[in-house]
Structures are given as structure tokens and as C-alpha cells.
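First comes the structure, then the notes that go with it.
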Amino acid sequence: MKREIGRPVKVVATGGLATLFEKQTDVFDVIEADLTIQGLAMMWDRHHI
């Protein structure tokens, strides 16, 4: 997919099981196991201050 896009991109692995793939492959540039919950927490903070 990186080749098809034709420009530099970052591949982010998300989810609690993402860390299981960290040592198995080098296709991910970043692994953020808690990305969804971090985003939800940011939204909560912004609307409940």
C-alpha cells in the first residue's frame, strides 16, 4: 500500500493486541495500543471542563 500511495506515509498499529505484532514485522512505524481510548479521553476532557 505504501508503494501504491507513492509518497511517504506512516503506518500505525492500534488496539490492545497491536503489541503482539511489534517483534513479528517491521511494517508498522508506530504502535499505539491505546489510541482509541486516548482519543475518547481527549474528547471527554474538551466537553466536560
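Points worth noting:
- Residue that is surrounded by the most Cβ atoms within 10 Å (Cβ to Cβ), among those in segment 12-27 that are within 22 Å of LEU40 (Cβ to Cβ) and out of contact with any Ser or Thr (no Cβ under 9 Å at 6 or more places or on another chain): ALA18
- Listed by first and then second residue, the pairs with beta-carbon distance under 9 Å, at least 6 apart or on different chains, first residue in segment 1-24 and part of a loop (DSSP other than H, G, I, E, B), second modelled with pLDDT under 90 and open to solvent by 100 Å² or more (accessible area, probe 1.4 Å), are VAL9/MET1; VAL11/MET1.
The values are calculated or read from the model by the stated rules, or taken from the named source; none is laboratory data. Quick caveat: nothing in here was measured; it's all calculated off a predicted structure. Reconstructed Cβ throughout: ideal geometry from the backbone, glycine too, with neighbour counts over all protein chains shown. Heavy atoms of the whole protein, side chains included, go into the accessibility calculation; ligands, DNA and RNA do not. Shrake-Rupley method; radii C 1.70, N 1.55, O 1.52, S 1.80 Å.
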